[in-house]
1. Out of (1) touching a residue at least 60 places away in the same chain (Cβ under 8 Å); (2) under 23 Å from residue 71 (Cα atoms); (3) in contact with a Ser or Thr (Cβ under 9 Å, 6 or more places away or on another chain), the odd one out for residue 99 is which?
2. Looking only at residues that are among the basic types (Lys, Arg) and either over 24 Å from residue 158 (Cβ atoms) or not assigned by TED's automatic domain parsing to the domain that holds residue 127 (or both) in region 32-89, which one is farthest from the chain's Cα centre (by Cα)?
3. Among the residues of region 76-102, what is the count of those that are within 19 Å of residue 137 (Cα to Cα) and surrounded by fewer than 14 Cβ atoms within 10 Å (Cβ to Cβ)?
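The values are calculated or read from the model by the stated rules, or taken from the named source; none is laboratory data. Nothing here was measured: the structure is a model prediction, and the numbers come from that model. In this analysis, Cβ positions are derived from the backbone assuming ideal geometry, glycine residues included, and neighbour counts consider all displayed protein chains.
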Amino acid sequence: MSLRTTYRGITLVIGIVLVSFTSSASAQSRYTPVTKYDPKRDAAQDIRDAAVEAKRTNRRVLLEVGGDWCSWCHHMDDFFQAHPDLTALRDKSFITVKINFSEENPNKEILAQYPAVAGYPHLFVLDSKGTLVHSQDTSALEEGKSYNLERFTTFLAYWTWAKEK
């Protein structure tokens with residue numbers, strides 16, 4: 001066996017290992033975040049997928065219920081965008097899923113599994129099994145025509161670490 005044949009063999013083995021590793025890494029990170037309110041999405045499947053990802057990454061699930069029609073939902077998006085540290089805390093601790101609520105699709109079946117929502121947006125914190133841990137009326141996080149950074153940070157930090165019963 002020549003040295004050239006040996007190098008080809010080693011190169012082939014390295015290539016197979018890299019392809020195998022890449023395929024396995026891709027399979028582990030297939031989760032695609034739900035970052036827009038979309039009436040055509042299957043909210044129940046989105047929640048199941050988020051729970052799987054939360055378990056895999058040791059995080060919780062944060063359901064954000066609202067719609068494109070909701071001005072406070074847009075305020076919340078803008079608030080997170082304006083506060084990168086808050087966004088980092090949220091993304092480090094939670095798998096966030098936007099659940100559409102609109103005339104086109106009120107997602108009645110899935111939302112019936114949770115406490116009634118008084119206003120929008122509304123936040124539900126789930127554990128990595130998809131079980132409800134907390135229901136949060138976001139009006140308690142508001143200040144003026146936006147949100148209060150200290151209250152929002154406290155909310156996210158508390159529900160990141162609150163012990164499950």
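1. So the condition that residue 99 fails would be (3).
2. Step one: filter region 32-89 for residues among the basic types (Lys, Arg), giving 36, 40-41, 48, 55-56, 59-60.
Now drop any that are not either over 24 Å from residue 158 (Cβ atoms) or not assigned by TED's automatic domain parsing to the domain that holds residue 127 (or both), which leaves 36, 40-41, 48.
Details: 36: 11, 40: 18, 41: 15, 48: 11 Å.
That would be 40.
3. Within region 76-102, residues that are within 19 Å of residue 137 (Cα to Cα) and surrounded by fewer than 14 Cβ atoms within 10 Å (Cβ to Cβ) number 1.
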